[in-house]
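The values are calculated or read from the model by the stated rules, or taken from the named source; none is laboratory data. Since we're looking at a predicted model, the values are computed, not measured. Quick reminder, even Gly has a Cβ in these numbers, built from the backbone with ideal geometry, and neighbours come from all protein chains shown. Heavy atoms of the whole protein, side chains included, go into the accessibility calculation; ligands, DNA and RNA do not. Shrake-Rupley method; radii C 1.70, N 1.55, O 1.52, S 1.80 Å.
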Amino acid sequence: MPKTIIAGNWKMNKTLSESVQLASDVVKSAGKASPGVELVVCPVFTHIEAVKEVIKGSPVKLGAQNCYPADSGAYTGEVSGSMLKAIGVDYVILGHSERRQYFHETNEFINKKIHHVLAHGMKPIYCVGELLEEREKGITPAVVTEQIEKGLAGITPDQMKNVVIAYEPVWAIGTGKVATPEQANEVHLLIRNLLVKLAGEAGKEVTIQYGGSMKPDNAGELLAQSEINGGLIGGAALKADDFLAIVSAK
Ligand code: 13P
């Protein structure tokens, strides 16, 4: 059975003190929210160390939202995976649709990042998902298949055990338009079959999260689907109560 993982992608939100407060509110209730669920918080780079201090000794894990796939060098403005590992990061969100859209990240470039993060002993949360026009054209399976096959090229079955996938239909992100549980589960099943094709038994153990307007009132039915093993939460992760209500819905 894949592990259930619910991660808060805080995106470019919260001041330093607000991040510390939010992390501390999450830690306070994390234990009672849902014992079998792993919680992850992903603040902006500059707040990671402070949040790490707050979650120290708690079951809450630390995530980053991106990284550059080289250890060091002339890459102005970037942060490497080795730097994130050195400050205690466990998970790194990669290939988020906002990075694909605004920073023109390709499947091939994201593949380099996934290899880099795994090589440094962290777990990538690899985001895939179709645009609205792609769904309307009926090419969701082709788009997601290409993202999975190119993004995960060269990943061994052993490495696959440390990979997390987030299926985030782009039209559902920040729009309040959530995929129906059946729509989501259908794509999750496609992803599961691709993972098994790529990595055999290891593919059966990969956590596949859903992301896109997941809220306390729709989380229960999404998380009840057979292939939905958690969530990557944006807006609702910015309030500890909402985030924890989603966790309790599992
Ligand atoms: P929302 O939950 O705000 O729709 O964002 C989802 C997301 O992009 C998480 O990575």
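Data table
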{"quantity": "Of all residues in segment 1-48 being in a loop (DSSP other than H, G, I, E, B) and polar (S, T, N, Q), the one that is surrounded by the fewest Cβ atoms within 10 Å (Cβ to Cβ)", "calculated": "15"}
{"quantity": "Residues of segment 1-24 satisfying the condition of being of a type in the set (D, E, K, R), touching a strand residue (DSSP E or B) at 6+ places or on another chain (Cβ under 9 Å) and within 11 Å of residue 238 (Cα to Cα)", "calculated": "11"}
{"quantity": "Close pairs (7 angstrom Cβ cut-off, 6 or more residues apart or separate chains): of a type in the set (Phe, Trp, Tyr) in segment 33-45, crowded, with 20+ Cβ neighbours inside 10 Å anywhere", "calculated": "45/64"}
{"quantity": "Residue that is farthest from residue 187 (Cα to Cα) [pool: residues in segment 99-125 that are among the charged types (D, E, K, R) and open to solvent by 10 Å² or more (accessible area, probe 1.4 Å)]", "calculated": "112"}
{"quantity": "Among the candidates 79, 128, residue that is buried (at least 21 other Cβ atoms within 10 Å of the Cβ) and either β-branched (Val, Ile, Thr) or within 17 Å of residue 211 (Cβ to Cβ) (or both)", "calculated": "128"}
{"quantity": "Which numbered condition residue 134 fails, given (1) assigned to a helix (DSSP H, G or I); (2) of a type outside the set (Ser, Thr, Tyr); (3) within 25 Å of residue 4 (Cβ to Cβ); (4) open to solvent by 20 Å² or more (accessible area, probe 1.4 Å)", "calculated": "(3)"}
{"quantity": "The listed residue being open to solvent by less than 20 Å² (accessible area, probe 1.4 Å), closer than 20 Å to residue 169 by Cβ, of a type in the set (A, V, I, L, M, F, W, C) and in contact (Cβ under 8 Å) with a residue 24 or more places away in the chain, out of 84, 94, 62", "calculated": "94"}
{"quantity": "One residue from 204, 197, 177, 215 being in contact with a Ser or Thr (Cβ under 7 Å, 6 or more places away or on another chain) and open to solvent by 20 Å² or more (accessible area, probe 1.4 Å)", "calculated": "177"}
{"quantity": "Single residue of segment 180-194 satisfying the filter (open to solvent by less than 30 Å² (accessible area, probe 1.4 Å) and over 15 Å from the mean Cα position of the chain (by Cα)) that is farthest from residue 115 (Cα to Cα)", "calculated": "181"}
{"quantity": "Residues (within 14 Å of the ligand (Cβ to nearest atom) and more than 16 Å from the chain's Cα centre (by Cα)) located in segment 106-131", "calculated": "131"}
{"quantity": "Test: residue in segment 82-91 that is modelled with pLDDT of 95 or more and more than 30 Å from residue 28 (Cβ to Cβ)", "calculated": "yes"}
{"quantity": "Segment 218-241 - residue that is within 10 Å of the ligand (Cβ to nearest atom) and open to solvent by 10 Å² or more (accessible area, probe 1.4 Å) and, of those, nearest to residue 190 (Cα to Cα)", "calculated": "234"}
{"quantity": "Scan of segment 138-161 for residues that are open to solvent by 20 Å² or more (accessible area, probe 1.4 Å) and among the polar types (S, T, N, Q), ordered by number", "calculated": "145, 156, 159"}
